[in-house]
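Q: Mind looking over this structure? Questions follow.
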Amino acid sequence: MRLAGRDEELPLIGRAKELAFLRAAIMEQGGAVMAGAAGVGKTRLAREVTSVLDGWHVAWATATRATSELPLGGVAGLGLADEETPSQGQAGLLSRLAARLAERAGGRPVLVVVDDAHLLDGLSAAFVHHLAISGVAAVLLTKHINEQPPPDVVSLYKDGPLPRLELEPLGRQEFGALVSAALGGDIEPGTLHRLWCESAGNVLFLRELVADAVEAGTLVQADGVWRWSPDGKVGPRLAELVADRMGRLEGDRRLLAELLAVGEPLGAELVQGLVPGADLAEEERRGTIVAEESGRRAEVRLAHPLFGEVLRARMPVLQRRRLQRLLAEALEATGSQRRGDVLRLATWRVESASAVDAGLLLRAARGAREVFDFALAARLAGAAWELAPSFEAGLLLGASLSGLGRFGAATEVLDRLAGTEPDETAGQLLARERAWVMFHGPGGLAAARRVLEEAEASVGDSVRRLLARADLAQLLVFAGRFAEALAIGGPLIAPGMDVRVRLRSVSPVGACMVFAGQAERVLALCDELAPAAARLREELPQALGWVWAARTNALLLSGRLNEVTAVLGGPLEPGAVPIVGAGDLAYARTKLGRALLLQGRPGKALAELTGAAAVLRANEPVECLVWCLSLTAEAHALLGHRVEAARLGEEATRHDGFAVFDGDAARARSWVAAAVGERSRAIGQLITAADELQSRAQPPYAIFALHDALRLGAKHVAGRLETLGGSLDGPWPWAAAAHARAVRTSEAAALEAAAEAFAPLGASQVAAEAATQASWRWAASGHAARAAAAREKAIRWFPLEAGDAVTFIPLLPETPGLAALTWREREVATLAGHGLSNAEVARRLVISVRTVESHLYSAYGKLGVTGRAQLPAVLGSQ
């Protein structure tokens with residue numbers, strides 16, 4: 001995959017345990033059998049194992065389908081049989097071949113590697129079995145996980161001496177490391193996300209996918225970062241490789257594959273009805289398709305995303321349309337009763353240019369909008385508008401265009417509907433959509449407010465008037481005007497109000513209450529309203545989402561991290577039904593990423609945030625891209641990815657976001673400055689963010705900013721943090737106040753108590769930091785045993801999950817020399833230790849070169865070093 005040559009060996013990433021297992025099995029148990037899906041890296045790992053067996057004679061053979069019918073064809077690559085081999089019984093033949101192999105080894109231990117052992121002919125399998133059982137050679141066999149090898153091979157690991165290793169696909173973090181190592185540079189997160197989705201972790205497909213993209217000029221490196229802009233085409237070598245993996249497709253097999261390429265996933269019964277001659281079980285065994293249980297029926301899809309890509313790319317237009325019509329007719333015949341069937345049916349009808357009903361298009365457009373596929377919703381609503389113009393079609397089209405950020409086009413459609421509303425309910429819905437579009441236009445909040453106030457004044461129904469007022473409260477929250485939103489919306493959640501009004505108001509009013517530090521009241525309100533939201537789901541499909549949003553805000557900002565990660569992860573589980581009205585699932589991923597960062601799990605956070613950012617760049621229904629990019633920059637900073645952290649932090653400043661997210665976004669970007677050694681600037685940014693957040697009635701966010709500043713060494717904020725934390729609801733504010741008090745008093749026991757307060761919340765990194773600080777304090781006061789105990793706690797709490805190793809840990813200094821440095825001296829010394837010249841440090845910190853020299857001279861004396869070359873060893877992660 002390296003640009004120097006696409007056929008070079010890929011680096012081995014994330015297989016240390018498997019490598020050690022196989023090496024030990026070969027040396028101690030006579031070999032192993034390695035099973036895995038095609039392209040998972042079995043052959044690559046086998047090659048790596050052979051490279052670490054010093055002094056061994058290694059013989060390699062690869063079985064193929066062409067040799068599977070030839071006696072000894074599977075091991076022909078060993079070169080043992082020749083014309084002089086006499087005709088003899090099987091036992092004698094196998095013994096003679098084994099003796100010849102041992103002779104070639106010259107007394108060295110022998111390893112025979114057979115790749116794709118499931119394709120061995122019977123005699124070759126018997127020979128491999130003979131080698132393993134007789135001890136003449138160790139054997140390492142690879143096999144496809146879905147293929148059944150000959151009985152002699154099966155007996156080696158089922159009842160015989162060889163252990164079996166099932167090789168799993170690479171995890172997402174290992175996958176990212178592989179791509180970065182192979183390309184020799186950082187990968188833009190969105191690019192990495194797309195490569196992961198396209199290749200499904202298959203290393204073999206990844207190689208060709210990347211190589212084709214580089215050759216096509218769609219994957220390029222700019223400013224040290226690789227970015228991919230797919231053009232929708234499949235490269236010839238990748239297409240050939242994928243076609244080879246699918247095997248020869250003719251007749252019913254091709255029809256089956258093409259139907260799935262057009263419409264997957266499909267119910268197994270529907271597929272069998274359309275292709276009665278296809279053997280689905282056999283295709284699943286071959287690895288062409290996979291079947292998954294969904295409720296009471298099985299759903300079938302192609303075994304890899306690229307199978308569909310290649311088939312669609314090679315499919316003639318008229319054939320695609322014919323298949324879509326077949327699928328539509330078959331689905332209509334079954335009654336299209338499952339969730340999503342109406343959406344797929346309408347899509348197939350539109351794309352195949354076949355007869356379609358406007359009512360079907362509208363139902364499908366509503367379904368697409370509910371799952372936040374605004375592009376599809378706009379397409380379907382637009383088709384319905386052209387087929388049979390109606391108020392509902394226009395409203396859906398305008399709302400979908402608005403969801404895509406095409407506010408000018410949305411305004412044109414929605415303005416045409418003014419005065420055509422069939423009833424007051426329709427008028428209210430139109431007013432809501434027009435206000436949303438105006439909120440983003442030149443008129444901003446003032447124009448949106450006029451629309452909603454006019455709607456409130458024009459309707460006779462009291463409930464609808466209050467719902468318009470709740471819509472205004474929501475816009476005020478997005479604009480960052482929380483006090484006004486609470487004044488308008490607060491009365492709307494009163495117990496005596498209509499439950500529909502209370503449900504509509506719980507999200508904006510709940511947010512304001514949480515921002516004001518009243519998380520416990522919001523959680524109680526959510527518990528009260530959740531049954532009503534479930535009961536009114538048909539009438540108010542967004543109600544469950546409104547309650548969900550309020551609950552997750554309260555859990556997150558009060559610091560109940562273990563609870564909030566469980567709640568946020570629910571709708572992201574495979575097969576989960578999206579929570580309607582809670583915002584795009586990208587919003588859920590962003591909020592989950594924020595919680596994971598608080599837990600000290602930046603690797604896990606980065607995976608969620610990268611996926612969210614990829615969606616939000618193209619489709620931003622809740623306009624939290626700035627927040628998402630800033631949090632992604634924070635995750636990169638904590639992981640030591642300084643270039644990517646700085647790039648994303650800078651990108652975040654180029655977008656316009658909702659004011660409600662701005663303060664936390666600014667707090668997140670301060671970590672980028674901290675990660676490159678500019679602590680004083682980071683602390684200044686955090687304190688400025690805290691000031692702004694408090695002035696905007698968001699004290700919980702201010703606590704996070706102040707606590708981060710405290711962790712970076714700003715002891716002077718301890719008193720302010722202690723006072724603020726003690727005034728708010730929730731375990732995090734209280735734990736932050738305890739930590740501030742402990743830092744202010746420098747009491748070891750208090751620091752340890754603060755660590756104990758953070759640990760149960762899931763804030764493992766902060767708990768580890770506080771415990772480490774307690775350990776230092778105990779050691780400085782001569783309490784060695786208590787220092788060791790605190791250190792053990794820190795080690796136990798520090799996050800050790802794969803991909804979550806924080807390279808920038810803002811702990812207080814451990815040695816007297818570090819403690820003696822001023823923050824400016826530490827900052828200058830850190831940047832110098834990173835290799836920056838005096839002039840570069842001066843430009844970075846906006847000070848003179850003479851000042852840099854003065855600080856360095858002072859730092860050298862305090863640290864006991866003679867020059868900048870010694871700084872990295874002394875400063876370490878500091």
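The values are calculated or read from the model by the stated rules, or taken from the named source; none is laboratory data. Everything numeric here is computed off the predicted structure, so don't read it as measured data. Note that we place each Cβ from the backbone using ideal geometry, even for glycine, and neighbour counts take in every protein chain shown. Keep in mind that these areas ignore ligands, DNA and RNA; they rest on the heavy atoms of the full protein, side chains included. Shrake-Rupley method; radii C 1.70, N 1.55, O 1.52, S 1.80 Å.
Q: Considering each of GLY657, GLY684 in turn, give the residue that is without any contact (Cβ under 8 Å) to a residue 12 or more places away in the chain and either assigned to a helix (DSSP H, G or I) or not charged (D, E, K, R) (or both).
A: Numbers: GLY657 fails: without any contact (Cβ under 8 Å) to a residue 12 or more places away in the chain.
Unique residue meeting the criteria: GLY684.
Q: Need the failing condition index for SER51 against (1) within 21 Å of VAL203 (Cα to Cα); (2) in contact (Cβ under 8 Å) with a residue 24 or more places away in the chain, just the number.
A: Against the list (1) within 21 Å of VAL203 (Cα to Cα); (2) in contact (Cβ under 8 Å) with a residue 24 or more places away in the chain, SER51 comes up short only on (2).
Q: Scan GLY92, GLY184, GLY135, GLY79 and give me the residue that is open to solvent by 40 Å² or more (accessible area, probe 1.4 Å), farther than 26 Å from PHE21 by Cα and out of contact with any Ser or Thr (no Cβ under 8 Å at 6 or more places or on another chain). Lay out the reasoning, then the answer.
A: Working: GLY92 fails: open to solvent by 40 Å² or more (accessible area, probe 1.4 Å); GLY135 fails: farther than 26 Å from PHE21 by Cα; GLY79 fails: open to solvent by 40 Å² or more (accessible area, probe 1.4 Å).
Result of the check over GLY92, GLY184, GLY135, GLY79: GLY184.
Q: Checking ARG720 against (1) of a type in the set (Lys, Arg); (2) at pLDDT below 90; (3) surrounded by fewer than 24 Cβ atoms within 10 Å (Cβ to Cβ), only one condition comes out false. Which one?
A: Only one criterion in (1) of a type in the set (Lys, Arg); (2) at pLDDT below 90; (3) surrounded by fewer than 24 Cβ atoms within 10 Å (Cβ to Cβ) is unmet by ARG720, namely (2).
Q: Out of (1) modelled with pLDDT under 75; (2) buried (at least 19 other Cβ atoms within 10 Å of the Cβ), what's the single condition that is false for ALA805?
A: That leaves (2) as the condition not met.
Q: What tally of residues in the range 635-649 results from selecting those that are over 12 Å from SER670 (Cα atoms) and either hydrophobic (A, V, I, L, M, F, W, C) or not in a helix (DSSP H, G or I) (or both)? Let's see the steps before the verdict.
A: Taking the range 635-649 first, the residues over 12 Å from SER670 (Cα atoms) are 636, 639-644, 647-648.
Still in the list and also either hydrophobic (A, V, I, L, M, F, W, C) or not in a helix (DSSP H, G or I) (or both): 639-641, 643, 648.
Within the range 635-649, residues that are over 12 Å from SER670 (Cα atoms) and either hydrophobic (A, V, I, L, M, F, W, C) or not in a helix (DSSP H, G or I) (or both) number 5.
Q: Looking only at the range 388-432, which residues are among the small types (Gly, Ala, Ser), closer than 17 Å to ALA358 by Cβ and open to solvent by 20 Å² or more (accessible area, probe 1.4 Å)?
A: ALA388, SER390
Q: Still on this structure: How many residues, within the range 602-634, are under 12 Å from the mean Cα position of the chain (by Cα), at pLDDT 85 or above, of a type in the set (A, V, I, L, M) and open to solvent by less than 10 Å² (accessible area, probe 1.4 Å)?
A: The qualifying residues number 2.
Q: Now, a different point. Of ALA738, ALA689, ALA645, ALA702, which residue is more than 30 Å from ALA473 (Cα to Cα) and modelled with pLDDT of 90 or more? Don't jump to the end; show me each part of the working.
A: Working: ALA689 fails: more than 30 Å from ALA473 (Cα to Cα); ALA645 fails: modelled with pLDDT of 90 or more; ALA702 fails: more than 30 Å from ALA473 (Cα to Cα).
So the residue among ALA738, ALA689, ALA645, ALA702 that is more than 30 Å from ALA473 (Cα to Cα) and modelled with pLDDT of 90 or more is ALA738.
Q: I'd like to verify a number: residues in the range 250-260 that are aliphatic (A, V, I, L, M), out of contact with any Asp or Glu (no Cβ under 8 Å at 6 or more places or on another chain) and in contact (Cβ under 8 Å) with a residue 24 or more places away in the chain, how many?
A: Step one: filter the range 250-260 for residues aliphatic (A, V, I, L, M), giving 255-257, 259-260.
If we keep only those that are out of contact with any Asp or Glu (no Cβ under 8 Å at 6 or more places or on another chain) as well, we get 255, 257, 259-260.
Keeping just the survivors that are in contact (Cβ under 8 Å) with a residue 24 or more places away in the chain gives 257, 259-260.
The number of residues fulfilling the criteria is 3.
Q: In the range 486-510, what count of residues is obtained for those that are open to solvent by less than 10 Å² (accessible area, probe 1.4 Å) and either at pLDDT 95 or above or under 12 Å from ALA473 (Cβ atoms) (or both)? Spell out how you get there, then give the answer.
A: Taking the range 486-510 as the starting set, the residues that turn out to be open to solvent by less than 10 Å² (accessible area, probe 1.4 Å) are 489, 492, 501, 503, 505-506, 508-510.
Those left that are additionally either at pLDDT 95 or above or under 12 Å from ALA473 (Cβ atoms) (or both): 489, 492, 501, 505-506, 508-510.
Residues in the range 486-510 being open to solvent by less than 10 Å² (accessible area, probe 1.4 Å) and either at pLDDT 95 or above or under 12 Å from ALA473 (Cβ atoms) (or both): 8 in total.
Q: Continuing with the same structure: Considering only the range 323-343, I want to know if a residue exists there that is surrounded by fewer than 17 Cβ atoms within 10 Å (Cβ to Cβ) and of a type in the set (Val, Ile, Thr).
A: There is at least one residue in the range 323-343 that is surrounded by fewer than 17 Cβ atoms within 10 Å (Cβ to Cβ) and of a type in the set (Val, Ile, Thr).
Q: Could you list, in sequence order, all residues of the range 723-759 that are of a type outside the set (Gly, Ala, Ser), open to solvent by less than 50 Å² (accessible area, probe 1.4 Å) and assigned to a helix (DSSP H, G or I)?
A: Those that are of a type outside the set (Gly, Ala, Ser), open to solvent by less than 50 Å² (accessible area, probe 1.4 Å) and assigned to a helix (DSSP H, G or I): LEU724, PRO731, TRP732, PRO733, HIS739, VAL743, LEU751, GLU752, PHE758.
Q: Of all residues in the range 257-282, which are in contact with a Leu (Cβ under 8 Å, 6 or more places away or on another chain) and either open to solvent by less than 10 Å² (accessible area, probe 1.4 Å) or outside any helix (DSSP H, G or I) (or both)?
A: Answer for the range 257-282, where residues must be in contact with a Leu (Cβ under 8 Å, 6 or more places away or on another chain) and either open to solvent by less than 10 Å² (accessible area, probe 1.4 Å) or outside any helix (DSSP H, G or I) (or both): ALA257, LEU259, LEU260, ALA261, GLY263, GLU264, LEU266, VAL271, VAL275, ALA278.
Q: A follow-up question, please. Could you please find all residues in the range 368-387 being open to solvent by 10 Å² or more (accessible area, probe 1.4 Å) and within 25 Å of the chain's Cα centre (by Cα)? Please lay out each step first, then the result.
A: Step one: list which residues in the range 368-387 are open to solvent by 10 Å² or more (accessible area, probe 1.4 Å), which gives 369-376, 378-379, 382-383, 385-387.
Across the range 368-387, the qualifying residues are ARG369, GLU370, VAL371, PHE372, ASP373, PHE374, ALA375, LEU376.
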